[in-house]
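Enquirer: If you scroll down you'll find the structure; I have some questions about it.
Read-outs: derived from the displayed coordinates by stated rules, not from any lab. Because the structure is a prediction, the values reported are computed rather than measured. FYI the Cβ positions are ideal-geometry reconstructions off the backbone, even for glycines, and counts take in every protein chain you see.
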Amino acid sequence: MLLKDKVAVITGGAGLNGLGFATARLMASLGARVALLDLERASPAAAAAQLGSGHLGLVADVTDKSSCEAAARAVLERFGRIDTLVNNAGITQPVKTLEITGADYDRVLDVSLRGTLYMSQAVLPGMQSQQSGSIVCISSVSAQRGGGIFGGPHYSAAKAGVLGLARAMAREFGGQGIRVNCITPGLIETDITQGKLSPERKKEIEDTIPLARLGRAQDVAGACVFLASDLSGYCTGITLDVNGGMLIH
């Protein structure tokens, strides 16, 4: 199997209709052992149990450096290695520039950007020791096109920051066999979008997308598997668009 004997850590992975869990499910089906990290209220242990035996669910807060380090230690104690990190945890907020408060800015930037840094810092020493690893960072088309449908400017800024951080890490760690890449999803149907688009608005959006539909969580999961696997062995520092053609550039 494509990911046989690989160990994958996925942050923000316990939401059963989210990108993280879809990625976990696909990776597990391809032979990976998966560690799902999420906040306590998301019940990561219960989500991991749905993947079958041999997987792990851990409570972790990506905005807390010590929490990230503790989670990485727990995964290493359980599985002995970490081959892939998917930095998926993120939050959004649909407000305009003049409405963004300092607390709003801190909250959105902390989860998406600081969380990507802290969790990457937590797994990188182990990857350096084994001289291999793949870090996949989930950004957004919002970072590329200057705004999205559900996220405000601070969300765009956070996700643009993820692109820059990932590229810098790709340069720094490439010589040690560690690849760092980004995925920029378009509008994906998850819990975030459910009930927030009228049928008319959804049709309007679909009419602007060359593939004529919104994305599905498994669309992003497939891209994560590609970047985690040896199929992308000569890819680092790339941005992989998964948007149905919403943004062609």
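Enquirer: Order by neighbour count: Thr184, Thr23, fewest other Cβ atoms within 10 Å first, most last.
Expert: Ascending Cβ contact count within 10 Å gives the list Thr184, Thr23.
Enquirer: At a Cα cut-off below 19 Å, give the lysines reachable from Lys4, other chains included and same-chain residues fewer than 8 away excluded.
Expert: Excluding near neighbours in sequence, the set is empty.
Enquirer: Something else about it: Which value, in debye to the nearest 20, describes the size of the charge dipole of the chain about its Cα centre when Lys and Arg Cβ atoms bear +1, Asp and Glu Cβ atoms bear -1, and nothing else is charged? Kindly include the intermediate steps, with their values, before the conclusion.
Expert: Working: 23 positive and 22 negative charges, 64 e Å.
Rounded to the nearest 20 debye, it is 300 debye.
Enquirer: Taking 37 °C and 0.692 mPa s as the conditions, I'd like the Stokes-Einstein D for segment 133-209 in µm²/s, using the Kirkwood hydrodynamic radius from alpha carbon pairs. Present the calculation step by step, with values, prior to reporting the outcome.
Expert: Values: Rh = 14.0 Å.
Estimated via Stokes-Einstein, D reaches 235 µm²/s.
Enquirer: Still on this structure: Which of Asp38, Asp241 has the fewest other C-beta atoms within 10 Å, and how do the rest follow up to the most?
Expert: Asp241, Asp38
Enquirer: Scan (1) 55, 35, 32; (2) 49, 39, 36; (3) 56, 42, 32 for the value of Cα extents along the principal axes in Å calculated from this model and give just the label.
Expert: Identified label for the calculated read-out: (2).
Enquirer: For Arg78 and Glu200, what does the FRET efficiency come to when R0 = 41 Å and r is the distance between their Cβ atoms, rounded to the nearest 0.05?
Expert: 0.25
Enquirer: Now a separate question. Sequence gap at least 6, Cα distance under 8 Å: using those rules, report the relative contact order of the chain to the nearest whole percent.
Expert: Worked out over the chain, it gives 19 percent.
Enquirer: Multiply the residue separation of Gln130 and Asp230 by 0.36 nm, subtract the distance between their alpha-carbon atoms, and state the gained length in nm to one decimal.
Expert: The Gln130-Asp230 span can extend by a further 34.4 nm.
Enquirer: Given an 8 Å cut-off on Cα distances and at least 6 residues of separation, report the relative contact order of segment 37-119 as a percent.
Expert: Reported as a whole number, the value is 30 percent.
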